[in-house]
Each structure stands twice: as structure tokens, then as C-alpha cells.
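Asker: This is the structure I have questions about; it appears just below.
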Amino acid sequence: MKAYDRSADRRWSWVFLAWLVATVSTLGALFLGEVMGYVPCVLCWYQRIAMFPLVLVLAAGLFPFDPRVVRYALPLAVAGLLLAAFHLALVAGWIPESIRPCQQGVPCSDVQITWFGFVTIPLLSLFAFTIIAGLLLATKLKGEK
Amino acid sequence: MKQQTLFIGSAIALLLVFVAGMFVYSGQKEKEANQLAEANRAALVRMHAPTLGKADAPVVIVEFIDPACETCSAFYPRVKQLMAAHPDKIRIVLRYAPFHNGSDKVVAILEAARKQDKFWPALEALLATQGSWAPHHTPQAALALKHLDGLGLNMEQMAFDVTAPEIEKLIAQDLEDARVLNVTKTPEFFVNGKPLPSFGFEQLTALVEQELAKAAAR
């Protein structure tokens, strides 16, 4: 019984960490958009759509702890991860001009912010989604053992 | 219990960081805007800019205006009231920021009316009827002209004057100054060279009153 509890505690911590990453990302996105006034491009919006609900979904799974929250959160995290990867490929120019999904408004291939010479918003997004997906996957695998 | 404390504590900490960041950021922006205006005083007022009020008025409001901008037309009567409330104390200088597509043509109409000494009546007439000549944010100079009928303008002369190359140059200069001063939205106000801390009529009134008090103390 004791051993089970410890495993549950660890899994709770992972989901909690995933929630923390999602919340920091959400607040960061809101800060960039609402406070600093950067206009999000279409792909940024899709990534937001994947990120924002994670804050609520993961929080709901924490109290009381429900490991099945992974089932509902992981698809969002993976979708966000793929979108962020696509976005980065677009910025890097690996994806040809003709299939760019954004024509009007802010072009997604524009780099609005670069910190330390290489950190861009889509990179941060990919980073966050990868951590979240990794933590959720670990939670799932740990539970199956 | 520990888990709940951790969760709630983190949530509150993150929100606090967000709010603190907001204050720090807007404070920094305000400082930067002040410094930018300070460093570019020459860009604020140009000889060619239309102006209203006593030349030696202690308070000078510089307004970057787009005749097709809805907020500009909403602000205009209130700015006039503000000036009327402090007669001879406020001078207004208008700079053009025709950000709407086609707005520059309307500015040309205003400048042509200015040659016939009808700038302010023309501006007022156009701002008051903005909705009918700039439907859905698309200013149409031909429609705008019709709203100047009652002003007794020489329309033939107007048609000639709107094409004057110096109007184009004047607009280019104003747009360049707007760029230098980081004016990206209209209306943008500078009171005695200071930008508004944040946008709003209350903020404008407060800044004007602060400058009036300063002038009275001198």
C-alpha cells in the first residue's frame, strides 16, 4: 500500500509539473500578446488553442488526482507539439513558400522576438509542449507498471 | 493537503509575477516614450502643422490625427471642450497620421480647404460626418468632398489644390515624424512634449491640468 502511494505521489508531481509548464506558457503567451502588444500569427493561435485548455484540464486532474487526465491532456499536448514543430520548420524555411498556411495578418515566418540569439517564441512553444507531453507520457507509463 | 498548498501557492505566485511584470513593463514603456519624445522634440511640432489657439498659450497639445479614425472624431469635440474650458491657455497643433488606406486623400482635401482659410470648419464637418464618407473604415475622398458644400469653398480651386505636391510632402513628413515618435495608433496626444501615460480622455485631461498648474505656478 505504501509503495503504491509513493508512485501515485510521483505521478501527481509529474502532472503538477506539466500543469506548471502549461500555466507559465499560457501566462507568457498572454503577456506577449496582451501586455507587450505582439499580434499572434495564425499558427501561434493554434498553439494557444492547444496550450490554454491544458491549464484547466490538468488542474482538474490534480484534485483529486486522476491519472486518466493523461488521456484527455496528451492529445492536446501532442497536437501543440506538432504545430510548434511545423511552425519552427516554417521559420527555418524548410517548408516551401507555396504551402504556407498564413497569408494575411502577421506572417508566421516572421520572427518577432529572439532572445540570446536563438530562442524564439515557437521554440519556447515546442520546448513547453515537449516537456508536457513527456511528463504526461511518463505518468501513463508509470501507471501501467 | 501539502499538494493543495503547493498548487494554490504556485498559482498565486505565477499570477503575482504576471501582474508585477505588467506594471514593470508599462512603467518602462512610459519612461521610454517620454525619453523618445524628449529626444525628438523637433519632430513633434513643424512649421507647416495647422494650429489653433494663442501662440503663447502655456499648454500645447500635439495631436496626431487621422481624419478617418473613429476615435479621433469621438475625441475631437471633447478636446474642443477642454480648450474652451481654459480659454487662451491651450494651443493645439495637428499632425497627420493617415493610417487608414485612402485617408491621405482626405488630408489633401483638408489642406486644400486650409488654403481658403477653412481648415477648421472643414475638419469639423468631416469628423462629424465621418460615418457617411468612410463606411467600414474605407475613407472615400469623393464622398468626403460632398460634406463640405455648406462651407462656401471654391470647389474648382479645391480640385486643383488637392493635387499640390507640397501636400504629399507634408504628409510624408508627418508620417515620418509619427514613425520617429513611435506613434502607431490615432489619436495620439503629446502635452507640452509629454506623451500620455496611457490612452484615455481622463489621462489627457489630467496631463493638461498638471501642465496648466505648472504654468500657473511659474
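The values are calculated or read from the model by the stated rules, or taken from the named source; none is laboratory data. Source: prediction; values computed, not measured. Quick reminder, even Gly has a Cβ in these numbers, built from the backbone with ideal geometry, and neighbours come from all protein chains shown.
Asker: Condition check: surrounded by fewer than 20 Cβ atoms within 10 Å (Cβ to Cβ) and in a loop (DSSP other than H, G, I, E, B). Does B:Lys80 satisfy that?
Answerer: Here the answer is no, as B:Lys80 does not meet what is asked.
Asker: State whether the residues of the stretch A:45-67 include one that is more than 13 Å from the chain's Cα centre (by Cα), hydrophobic (A, V, I, L, M, F, W, C), farther than 30 Å from B:Ala13 by Cβ and at pLDDT below 90.
Answerer: There is no residue in the stretch A:45-67 that is more than 13 Å from the chain's Cα centre (by Cα), hydrophobic (A, V, I, L, M, F, W, C), farther than 30 Å from B:Ala13 by Cβ and at pLDDT below 90.
Asker: Determine whether the stretch B:172-179 contains at least one residue that is closer than 24 Å to B:Arg46 by Cα and among the small types (Gly, Ala, Ser).
Answerer: yes
Asker: If A:Tyr72 satisfies every condition in (1) in a helix (DSSP H, G or I); (2) within 21 Å of B:Met22 (Cα to Cα); (3) among the aromatic types (Phe, Trp, Tyr) but one, which is the exception?
Answerer: Result: A:Tyr72 fails condition (2) only.
Asker: Ok, one more. Looking only at the stretch B:100-130, which residues are in a helix (DSSP H, G or I) and basic (Lys, Arg)?
Answerer: Across the stretch B:100-130, the qualifying residues are B:Lys105, B:Arg114, B:Lys115.
Asker: Looking at the stretch B:1-18, which of the residues that are exposed (fewer than 10 other Cβ atoms within 10 Å of the Cβ) and in a helix (DSSP H, G or I) is farthest from the other protein chains (Cβ to nearest Cβ)?
Answerer: Looking at residues that are exposed (fewer than 10 other Cβ atoms within 10 Å of the Cβ) and in a helix (DSSP H, G or I), I get B:Thr5.
Asker: Of all residues being in contact with a strand residue (DSSP E or B) (Cβ under 7 Å, 6 or more places away or on another chain) and among the small types (Gly, Ala, Ser) in the stretch B:40-54, which is farthest from B:Ile90 (Cα to Cα)? Just the residue, please.
Answerer: Top of the filtered list is B:Ala49.
Asker: Can you report the number of residues in the stretch B:70-93 which are in contact (Cβ under 8 Å) with a residue 60 or more places away in the chain, under 21 Å from B:Leu110 (Cα atoms) and over 10 Å from the mean Cα position of the chain (by Cα)?
Answerer: Qualifying residue count, the stretch B:70-93: 3.
Asker: Please go through the stretch A:29-65 and pick out each residue that is in contact with a helix residue (DSSP H, G or I) (Cβ under 8 Å, 6 or more places away or on another chain), within 14 Å of chain B (Cβ to nearest Cβ) and not in a helix (DSSP H, G or I).
Answerer: A:Met36, A:Tyr38, A:Val39, A:Phe63, A:Phe65
Asker: Mind listing whichever residues of the stretch B:172-218 are of a type in the set (Lys, Arg) and within 14 Å of the chain's Cα centre (by Cα)?
Answerer: Within the stretch B:172-218, B:Arg179, B:Lys185, B:Lys194 meet the criteria.
Asker: Do the conditions hold for A:Ala22, that is, is it touching a Pro at 6+ places or on another chain (Cβ under 8 Å), buried (at least 21 other Cβ atoms within 10 Å of the Cβ) and within 12 Å of chain B (Cβ to nearest Cβ)?
Answerer: no
Asker: For B:Leu151, only one of the following conditions fails: (1) modelled with pLDDT of 90 or more; (2) in contact with a Lys or Arg (Cβ under 8 Å, 6 or more places away or on another chain). What is its number?
Answerer: (1)
Asker: State all residues of the stretch B:139-188 that are among the acidic types (Asp, Glu) and in contact with a strand residue (DSSP E or B) (Cβ under 6 Å, 6 or more places away or on another chain); if no residue qualifies, say none.
Answerer: B:Asp174, B:Glu188
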